[in-house]
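> Below is the structure I would like to discuss, written out as structure tokens.
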Amino acid sequence: MIQSLFDVVVPVFLVIGAGYVATRANFFTSYHVDGLMKFTQNFAIPCLLFYAIATIDLKQSFEPGLLVSFYGAAGLCFAAGMAGARLLFKRDWEDCVVIGFACLFSNSLLLGLPITERAFGQQALVGNYAIIAFHSPFCYGLGLTVMEFFRARGKTGLGFVRSVLSAMFNNTLIMGIALGFLFNISGLAIPGVVDDALQLIIRAALPCALFALGGVLVQYRPEGDLRAITFVCAISLLLHPTLVWLFGTALAVPQDLFRSAIMNSAMPPGFNAYIFANLYGRAKRVAASSVLTATGASVLTVWLWLIALGHN
């Protein structure tokens, strides 16, 4: 089991490390890293989200107990992250929202899918796909709304609504998600030539995002933010799956879906945590370092959650 976890996580670290070394050795400059970030953030990842949501079977994968357990716990972790950042670390509210978002957004796509498949088989991924379908809309919807609320202090109610809607619909990630749902619900088929083009971009999305994260980490080292980073890791890797376990048990979520919920909630913060921080230019060092630190720590914590689920 430990070997299978390393087979999944170590390649991720190698790509991040390649970006770090290339930037550290000046083969890549901060200008290059910013360009790669723009490509992944504004083009490649929106295409990935669009395609994933447009092609998933929503009817087969929808289970209210599963979604309530996972997203109820995620929302509480977002609130806990914000409260801790404000009360324990005295950060301003915009930083608090970013730190809360890092506690909210688990890496269900890059790590949750392959680890669940290795542990329980491909047939166990129905719950994973259901969570992934709603993951970005829920997390970005919550994060953007709360962030715009604090940024719009002093504005009227109508001004606040306009700020939120403007942030939502100027975000290419949200647009990709919305178009994906439109295609899925309407039954529209993606033309073959467009599908082929999307596949080319999608294959570049995650490797480029991870490589860019390595370059970002050269600029944002954890010195001075170690307590905040540890706090984010604890909420992401321990509190989130614990709450999901409690909620899923109370709601009698079927076993296969329950395992998917636990495995997804036990994942470290996803790269989107840094993307969100980068969108607003807030708490970027905490977000970037939390992604890396929690991913490393998850080698142990995910293994412990698998043992708790009865995996041999």
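> So in segment 264-303, with the set limited to residues that are touching a Phe, Trp or Tyr at 6+ places or on another chain (Cβ under 6 Å) and more than 13 Å from residue 235 (Cα to Cα), which one is surrounded by the fewest Cβ atoms within 10 Å (Cβ to Cβ)?
284
To keep it simple, each residue is scored yes or no on (1) open to solvent by 40 Å² or more (accessible area, probe 1.4 Å); (2) over 16 Å from residue 275 (Cβ atoms).
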position: 92; (1), (2): yes, yes
position: 96; (1), (2): no, yes
position: 99; (1), (2): no, no
position: 106; (1), (2): no, no
position: 109; (1), (2): yes, no
position: 116; (1), (2): no, yes
position: 123; (1), (2): yes, yes
position: 126; (1), (2): yes, yes
position: 141; (1), (2): no, no
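> Taking residue 40 and the conditions (1) surrounded by 20 or more Cβ atoms within 10 Å (Cβ to Cβ); (2) within 17 Å of residue 104 (Cβ to Cβ); (3) at pLDDT 85 or above, which numbered condition does it fall short on, given that it satisfies the others?
Here residue 40 clears every test but (2).
> Now for a different question. For segment 50-61, enumerate the residues that are open to solvent by less than 60 Å² (accessible area, probe 1.4 Å) and either in a helix (DSSP H, G or I) or polar (S, T, N, Q) (or both). Quick ask: steps written out before the conclusion?
Initial filter on segment 50-61 (open to solvent by less than 60 Å² (accessible area, probe 1.4 Å)): 50-54, 56, 58, 61.
Passing the criteria: 50, 51, 52, 53, 54, 58, 61.
> For residue 224, state whether it is modelled with pLDDT under 85 and either open to solvent by 30 Å² or more (accessible area, probe 1.4 Å) or outside any helix (DSSP H, G or I) (or both).
On the way: modelled with pLDDT under 85: yes; either open to solvent by 30 Å² or more (accessible area, probe 1.4 Å) or outside any helix (DSSP H, G or I) (or both): yes.
The answer is yes for residue 224.
> Restricting the first residue to segment 130-152 and requiring it to be over 24 Å from residue 259 (Cα atoms), which pairs with a second residue that is open to solvent by 30 Å² or more (accessible area, probe 1.4 Å) and modelled with pLDDT of 85 or more meet a Cβ separation below 6 Å and a spacing of at least six or different chains?
Short answer, once both residue conditions are applied: 150/93.
> Quick one: in segment 128-139, which of the residues that are more than 13 Å from residue 180 (Cβ to Cβ) and open to solvent by less than 10 Å² (accessible area, probe 1.4 Å) is nearest to the chain's Cα centre (by Cα)?
139
> A follow-up question, please. Being of a type in the set (Phe, Trp, Tyr) and surrounded by fewer than 17 Cβ atoms within 10 Å (Cβ to Cβ) is the filter here; which residues of segment 76-90 pass it? First the steps, then the outcome.
Let us first name the residues in segment 76-90 that are of a type in the set (Phe, Trp, Tyr), namely 78, 89.
Within segment 76-90, just 89 meets the criteria.
Residue by residue, here is whether (1) open to solvent by 50 Å² or more (accessible area, probe 1.4 Å); (2) part of a loop (DSSP other than H, G, I, E, B); (3) touching a residue at least 60 places away in the same chain (Cβ under 8 Å); (4) not basic (Lys, Arg) holds:
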position	(1), (2), (3), (4)
31	yes, no, no, yes
35	no, no, no, yes
45	no, no, yes, yes
48	no, no, yes, yes
74	no, no, yes, yes
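> Being under 21 Å from residue 210 (Cα atoms), crowded, with 24+ Cβ neighbours inside 10 Å and touching a residue at least 12 places away in the same chain (Cβ under 8 Å) is the requirement here; does residue 69 meet it?
no
The values are calculated or read from the model by the stated rules, or taken from the named source; none is laboratory data. The structure presented is a predicted model; accordingly, all values stated were derived computationally and were not measured. Note that each Cβ is placed from the backbone with ideal geometry, even for glycine, and that neighbours are counted across all protein chains shown. Note: accessible area is taken over every heavy atom of the protein model, side chains too, but ligands, DNA and RNA are not part of it. Shrake-Rupley method; radii C 1.70, N 1.55, O 1.52, S 1.80 Å.
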